[in-house]
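Visitor: Dropping a structure here in structure tokens format, bear with me for questions.
The values are calculated or read from the model by the stated rules, or taken from the named source; none is laboratory data. Remember, predicted model here, so these are calculated numbers, not experimental data. Backbone-built Cβ (ideal geometry, glycine too); neighbour counts: all protein chains shown. Surface accessibility is based on the protein's heavy atoms, side chains included, excluding ligands, DNA and RNA. Shrake-Rupley method; radii C 1.70, N 1.55, O 1.52, S 1.80 Å.
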Amino acid sequence: MKKVYIYKGFERFWHWMQALLIFTLAFTGFEVNGAYSILGYETAVNVHNISAISLIVLVVFAVFWHFTTGEWKQYIPTAKNLKAQAQYYITGIFKNAPHPTRKTILSKLNPLQRLTYLVLKLFLIPLMFVTGLIYMFYRYPMGGEIYSLNIGSVGTIAILHTIGAFLLIAFIIAHIYLTTTGHTPTSNIKAMITGWEELEEDEDNKTETQEKTE
Amino acid sequence: MEFLNSFKKTIIFLFVVILPITVISIALSDLFERKGNLEELKELYSKEKKKSVDHSKFAELQKNFESPHEVTAACLSCHTERGTEVMNNSHWTWEAEEYIPGKGVVYLGKKNVLNNFCTGIMSNEQSCNKCHIGYGWKDKNFDFSNQYNIDCLICHDNTGTYEKETGGAGYPPIGEFAPDYNYISANVGKPNKANCGYCHFMSAGGNNIKHGDLGMELLDCDKNVDVHMAQDGLNMECVDCHTAENHVMKGKYYAVSSCDENRASCTDCHDQYPHKQNKLNEHTIKVDCRTCHIPYYAKVNATKLYWDWSTAGKRQDGMPYSVKDSLGNDIYLSEKGDFKWERNVKPEYVWFNGTADHHLITDKITSDTININTLFGSFADKKSKIIPVKIHRGKQPYDIIYKNLLQAKLWAPEEGQGALWQDLDWDIALNLGMEYLGLPYSGEYGFIDTRMYLPKSHMVAKAEDALTCTDCHTRNNSRMKHVPDAYIPAATHNKTVNLLGILFVLAAFGGVSGHAFLRILANKKMNKNNPKNK
């Protein structure tokens, strides 16, 4: 085992900022939905809007970062080991079987993660952004003057946005739980905070560690 | 330290790029803040109004007036064209040309339309038409083309001493109690609140009964009651908004009107988008100003919300009687039936596009509840907005056989002439009323539930007392809960989606909990079986 610098500064900032914003959005969003009344409707709407814009800005930079660093390749789906990974969560994990895929700097995600995050980034997040932006700018700011956004009712948009919110919450629950399935229950979370994680030695990991230790 | 260093680039980036953008956008957002025209309006309406002419100097008005017609003649001798103008005014005709989808062009007004209070003037003109701006409309033979029948003073008396006689068909008292015409005509001017209120505050037989947002209290109120007419504020007159050109006033009363024309509206004076917050301006696309700015009406005195005619006619010890509530309002009158009153009323809300229908006495009854008037409008209709209304509910007599509403003769100068209010006999009163109209009556009458919609436009609250977000945007008790089709965030939600969503989240939680539990069990088992761990 070797300590490896796996998550870079921006990557971690992006992850935790996104986590914070999504929690804020969920908390205020369900108040706007009418599920409870804690902040007060007006505050909830304002906080929700500001968080939404912040998240969009953050994601724009994250997308830029992914493409300039080549990190986007992490999400290319692969069928290799996909079944084995699923099998691991269903049975292997209870028998202390080894992880079927090895985490390296060039391949941080296992095949299930690749697929899940790809769906998240290609469908769920865009669904929330598009419905959210229409919700926000629907006949806004001066109503009938913006004909291109002249949608009959915000009802469908709002319902799609709500469905997306439920899916995201379910994702987060699974996501948080699955962080405990690393080398030790907390090793994954620690890595996302500090950037360093103990990984099995490997050619890919070696190069990076050497650079860091120099 | 190393931990912080790893974020160095990110922190620098935030300070160099994000912070300036944020500061600049906040600074710019202030530049685009809208400013309404409230200050200009306040200045305009604060200016003292002065009369342009002193009528006490005119010789025509010094003579000894024998009858009110002579006063009218004196007025018209100078204001030569005004008689023709007034005779075009619906205050005179009590009828207007209206187009109603399904009915076509109809001539409707107080003259022939039923309402949900005292029902209608037909056969009762001598009493009801106390509020006509003319002299002598006591039956079908009134001469609408005689300009000397116009009562100029009921609108233009600024002394507050001119009154019409009850049961006098629009005439003031004659003889000993006749008004002091010389004093009154010396002090004529633009109609003030008391002039309009003489009829509009007292409609349906007493103060505030019909409208709820128009009552004598407006003559002496503060801004909490009405921000426009308050004596401690601008003290505006009715005619400041209901402006008149050639004696035709702006404004519609949808108990008698049907068309979207010549309406008075807030935006006649106020900016279309007066709010600092654009989110509020955006609301005005679908929400009428009045909806938020008239949170309550009947703020001082109670108004009638229910009038059940079916119980009228009862006697106690052979005599008509009345029952009052703790506030002194009649809740039962032998001649009129049962009432319900309420003070500080929350309006109900409906879609309205400015057009309306009316249930005419000749219309067939096809449902259990009759809308005496119907306000047209819907969410899908681009011209419709949500407006506040008073819905006055009640029960009215109808013909069980012929299936139409009935008009009773309610008033007569004396007992024994068959009027309900004097003789308390429905059958005779209905017979006489329908006979007067020349309509058939089977002799079989019952009572049917009725509703009338009165848009609320007065008793506008101070800005800070307007509705706030959570009056409507709340799951329970939203003011919009009975407004159909609109998706109102927080108030509206898709029950199926929310239920399935919660179940899905619970399933996810249950799934991971189960998984975690199994992992812990498996770990314990393995530790036990592994002798190294002992």
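Visitor: Please determine, by comparing only the residues of region B:101-138 that are polar (S, T, N, Q) and part of a loop (DSSP other than H, G, I, E, B), which one is surrounded by the most Cβ atoms within 10 Å (Cβ to Cβ). Spell out the reasoning first.
Guide: Residues of region B:101-138 that are polar (S, T, N, Q), as a first pass: B:112, B:115-116, B:119, B:123-124, B:126-127, B:129.
Restricting the remaining residues to those that are part of a loop (DSSP other than H, G, I, E, B) gives B:112, B:115-116, B:119, B:123-124.
Details: B:112: 20, B:115: 23, B:116: 28, B:119: 24, B:123: 24, B:124: 23.
Of everything passing the filter in region B:101-138, B:116 is surrounded by the most Cβ atoms within 10 Å (Cβ to Cβ).
Visitor: Considering only residues of region B:196-218 that are open to solvent by 50 Å² or more (accessible area, probe 1.4 Å) and farther than 19 Å from residue B:153 by Cα, which is modelled with the lowest pLDDT?
Guide: Selected residue: B:205.
Visitor: Please verify whether region B:159-171 includes one or more residues that are surrounded by 19 or more Cβ atoms within 10 Å (Cβ to Cβ), touching a Ser or Thr at 6+ places or on another chain (Cβ under 9 Å) and among the hydrophobic types (A, V, I, L, M, F, W, C).
Guide: yes
Visitor: Condition check: open to solvent by 50 Å² or more (accessible area, probe 1.4 Å) and facing chain A (nearest Cβ under 9 Å). Does residue B:521 satisfy that? Outline the logic, then answer.
Guide: Details: open to solvent by 50 Å² or more (accessible area, probe 1.4 Å): yes; facing chain A (nearest Cβ under 9 Å): yes.
When the stated conditions are applied, residue B:521 passes them.
Visitor: Can I ask one more? Tell me the residue from B:49, B:63, B:111, B:42 that is within 21 Å of residue B:210 (Cα to Cα) and among the basic types (Lys, Arg), please. Please lay out each step first, then the result.
Guide: Working: B:49 fails: within 21 Å of residue B:210 (Cα to Cα); B:63 fails: within 21 Å of residue B:210 (Cα to Cα); B:42 fails: within 21 Å of residue B:210 (Cα to Cα).
Just a single option satisfies the conditions, and that option is B:111.
Visitor: Do we find a residue being over 20 Å from the mean Cα position of the chain (by Cα), among the small types (Gly, Ala, Ser) and either under 23 Å from residue B:468 (Cα atoms) or within 12 Å of chain B (Cβ to nearest Cβ) (or both) anywhere in region A:60-80? I'd like the intermediate steps shown before the answer.
Guide: Within region A:60-80, the first condition is being over 20 Å from the mean Cα position of the chain (by Cα), and the residues that meet it are A:79-80.
If we keep only those that are among the small types (Gly, Ala, Ser) too, we end up with A:79.
Subsequent filtering for residues that are either under 23 Å from residue B:468 (Cα atoms) or within 12 Å of chain B (Cβ to nearest Cβ) (or both) retains none.
Within region A:60-80, none of the residues are over 20 Å from the mean Cα position of the chain (by Cα), among the small types (Gly, Ala, Ser) and either under 23 Å from residue B:468 (Cα atoms) or within 12 Å of chain B (Cβ to nearest Cβ) (or both).
Visitor: Do you know which residues across region A:26-45 are surrounded by fewer than 17 Cβ atoms within 10 Å (Cβ to Cβ) and at the interface with another protein chain (Cβ under 9 Å from one of its Cβ atoms)?
Guide: A:35, A:36, A:37, A:40, A:42
Visitor: Now a separate question. Taking the criterion of being part of a strand (DSSP E or B), of a type in the set (Asp, Glu), assigned by TED's automatic domain parsing to the domain that holds residue B:392 and open to solvent by 20 Å² or more (accessible area, probe 1.4 Å), would at least one residue in region B:307-325 satisfy it? Even if it seems obvious, please write down each step before you answer.
Guide: Applying the first criterion (part of a strand (DSSP E or B)) to region B:307-325 yields B:307-308, B:316, B:319, B:322-324.
Subset that is of a type in the set (Asp, Glu): B:308.
Okay, now just the ones that are also assigned by TED's automatic domain parsing to the domain that holds residue B:392, so B:308.
Going one step further and asking which of them are open to solvent by 20 Å² or more (accessible area, probe 1.4 Å), we end up with none.
Checked region B:307-325: no residue is part of a strand (DSSP E or B), of a type in the set (Asp, Glu), assigned by TED's automatic domain parsing to the domain that holds residue B:392 and open to solvent by 20 Å² or more (accessible area, probe 1.4 Å).
Visitor: Continuing with this model, one more query. Would you mind finding the one in A:45, A:32 that is farther than 20 Å from residue A:197 by Cβ and touching a strand residue (DSSP E or B) at 6+ places or on another chain (Cβ under 7 Å)?
Guide: Numbers: A:45 fails: touching a strand residue (DSSP E or B) at 6+ places or on another chain (Cβ under 7 Å).
A:32 is the lone residue from the list that is farther than 20 Å from residue A:197 by Cβ and touching a strand residue (DSSP E or B) at 6+ places or on another chain (Cβ under 7 Å).
Visitor: Do we find a residue being more than 9 Å from chain B (Cβ to nearest Cβ), outside any helix (DSSP H, G or I) and touching a Phe, Trp or Tyr at 6+ places or on another chain (Cβ under 9 Å) anywhere in region A:11-25? Quick ask: steps written out before the conclusion?
Guide: Residues of region A:11-25 more than 9 Å from chain B (Cβ to nearest Cβ): A:11, A:15-25.
Next, from what is left, pick out any that are outside any helix (DSSP H, G or I): none.
Within region A:11-25 (the criterion being more than 9 Å from chain B (Cβ to nearest Cβ), outside any helix (DSSP H, G or I) and touching a Phe, Trp or Tyr at 6+ places or on another chain (Cβ under 9 Å)), the answer is no, since none of the residues qualifies.
Visitor: Moving on to the next point. With (1) open to solvent by less than 30 Å² (accessible area, probe 1.4 Å); (2) touching a Phe, Trp or Tyr at 6+ places or on another chain (Cβ under 6 Å) as the list, and residue A:117 as the residue in question, which single condition is left unmet?
Guide: Unmet condition: (1).
Visitor: Condition check: hydrophobic (A, V, I, L, M, F, W, C), in a loop (DSSP other than H, G, I, E, B) and touching a Ser or Thr at 6+ places or on another chain (Cβ under 9 Å). Does residue B:184 satisfy that? Please lay out each step first, then the result.
Guide: Details: hydrophobic (A, V, I, L, M, F, W, C): yes; in a loop (DSSP other than H, G, I, E, B): no; touching a Ser or Thr at 6+ places or on another chain (Cβ under 9 Å): yes.
When the stated conditions are applied, residue B:184 does not pass them.
Visitor: If you don't mind, there's one more thing I want to ask. Is region B:391-402 home to any residue that is touching a residue at least 60 places away in the same chain (Cβ under 8 Å), under 29 Å from the mean Cα position of the chain (by Cα), assigned by TED's automatic domain parsing to the domain that holds residue B:315 and closer than 17 Å to residue B:443 by Cα?
Guide: Yes - at least one qualifying residue is present in region B:391-402.
Visitor: Let me ask another. Just to check your reading of the model, which residue among B:337, B:354 is touching a residue at least 24 places away in the same chain (Cβ under 8 Å), in contact with a helix residue (DSSP H, G or I) (Cβ under 6 Å, 6 or more places away or on another chain) and open to solvent by less than 60 Å² (accessible area, probe 1.4 Å)? Talk me through it step by step, then tell me what you get.
Guide: On the way: B:354 fails: in contact with a helix residue (DSSP H, G or I) (Cβ under 6 Å, 6 or more places away or on another chain).
After applying the criteria, what remains is B:337.
Visitor: Let me ask something else about it. If you take the residues in region A:26-53 that are part of a loop (DSSP other than H, G, I, E, B) and of a type in the set (A, V, I, L, M), which one is farthest from residue B:477 (Cα to Cα)? Full working, then the answer.
Guide: First, pick out the residues of region A:26-53 that are part of a loop (DSSP other than H, G, I, E, B): A:33-40.
Those still in the list that are of a type in the set (A, V, I, L, M) too: A:35, A:38-39.
Working: A:35: 14, A:38: 17, A:39: 18 Å.
Selected residue: A:39.
Visitor: Could you tell me which residue of region B:372-384 is least open to solvent (accessible area, probe 1.4 Å), considering only residues that are more than 19 Å from residue B:445 (Cα to Cα) and at pLDDT 95 or above? Give the derivation first.
Guide: Of the residues in region B:372-384, the ones more than 19 Å from residue B:445 (Cα to Cα) are B:373-384.
Next, from what is left, pick out any that are at pLDDT 95 or above: B:373-377.
Working: B:373: 0, B:374: 42, B:375: 23, B:376: 59, B:377: 36 Å².
Step by step, filter region B:372-384, then rank; the result is B:373.
Visitor: Let me ask something else. How about region B:275-303: which of its residues are open to solvent by 50 Å² or more (accessible area, probe 1.4 Å), part of a loop (DSSP other than H, G, I, E, B) and over 13 Å from residue B:467 (Cβ atoms)?
Guide: Of everything in region B:275-303, those that are open to solvent by 50 Å² or more (accessible area, probe 1.4 Å), part of a loop (DSSP other than H, G, I, E, B) and over 13 Å from residue B:467 (Cβ atoms) turn out to be B:276, B:277, B:300, B:301.
Visitor: Listed residues B:453, B:441; which is within 32 Å of the chain's Cα centre (by Cα) and either at positive phi or modelled with pLDDT of 95 or more (or both)? Spell out the reasoning first.
Guide: Working: B:441 fails: within 32 Å of the chain's Cα centre (by Cα).
Of B:453, B:441, the one residue that is within 32 Å of the chain's Cα centre (by Cα) and either at positive phi or modelled with pLDDT of 95 or more (or both) is B:453.
Visitor: May I pose another question? Looking at region B:445-476, which of the residues that are part of a helix (DSSP H, G or I) and within 14 Å of chain A (Cβ to nearest Cβ) is nearest to residue B:38 (Cα to Cα)? Show your work before the answer.
Guide: Within region B:445-476, the subset part of a helix (DSSP H, G or I) is B:463-465, B:469-472.
Within this subset, residues satisfying the condition of being within 14 Å of chain A (Cβ to nearest Cβ) are B:469-472.
Details: B:469: 23, B:470: 26, B:471: 25, B:472: 26 Å.
Among those that are part of a helix (DSSP H, G or I) and within 14 Å of chain A (Cβ to nearest Cβ), it is B:469.
Visitor: Here's a follow-up. Collect the residues in region B:310-335 that are over 30 Å from residue B:294 (Cα atoms) and not small (Gly, Ala, Ser), keeping them in residue-number order. Spell out the reasoning first.
Guide: From region B:310-335, those over 30 Å from residue B:294 (Cα atoms) are B:310-323, B:333-335; that's our starting set.
If the condition is that a residue be over 30 Å from residue B:294 (Cα atoms) and not small (Gly, Ala, Ser), then B:311, B:314, B:315, B:316, B:317, B:319, B:320, B:321, B:323, B:333, B:335 are the ones that fit.
Visitor: For residue B:255, indicate whether it is assigned to a loop (DSSP other than H, G, I, E, B), of a type in the set (Gly, Ala, Ser) and in contact (Cβ under 8 Å) with a residue 12 or more places away in the chain. I'd like the intermediate steps shown before the answer.
Guide: Working: assigned to a loop (DSSP other than H, G, I, E, B): yes; of a type in the set (Gly, Ala, Ser): yes; in contact (Cβ under 8 Å) with a residue 12 or more places away in the chain: yes.
Judged against the criteria, residue B:255 is a match.
Visitor: Would you be able to say whether some residue in region A:14-31 is modelled with pLDDT under 95, on the phi < 0 side of the Ramachandran plot and touching an Asp or Glu at 6+ places or on another chain (Cβ under 9 Å)?
Guide: no
Visitor: Considering only helices (runs of 4 or more DSSP H) fully contained in region B:1-94, which possess at least 3 residues that are closer than 30 Å to residue A:13 by Cβ and either open to solvent by 80 Å² or more (accessible area, probe 1.4 Å) or free of Cβ contacts under 8 Å to residues at least 12 places away in the same chain (or both)? Break it down stepwise before answering.
Guide: Numbers: elements: B:2-5, B:8-13, B:19-31, B:38-46, B:68-78, B:82-86, B:90-93.
Counting at least 3 such residues, we get B:2-5, B:8-13, B:19-31.
Visitor: Moving on. What's the total number of residues in region B:477-502 that are more than 9 Å from chain A (Cβ to nearest Cβ) and either of a type in the set (Phe, Trp, Tyr) or surrounded by fewer than 17 Cβ atoms within 10 Å (Cβ to Cβ) (or both)?
Guide: 7
Visitor: Return yes or no: is residue B:410 buried (at least 20 other Cβ atoms within 10 Å of the Cβ) and in a helix (DSSP H, G or I)? Show your work before the answer.
Guide: Details: buried (at least 20 other Cβ atoms within 10 Å of the Cβ): yes; in a helix (DSSP H, G or I): no.
Spelling it out, it is not the case that residue B:410 is buried (at least 20 other Cβ atoms within 10 Å of the Cβ) and in a helix (DSSP H, G or I).
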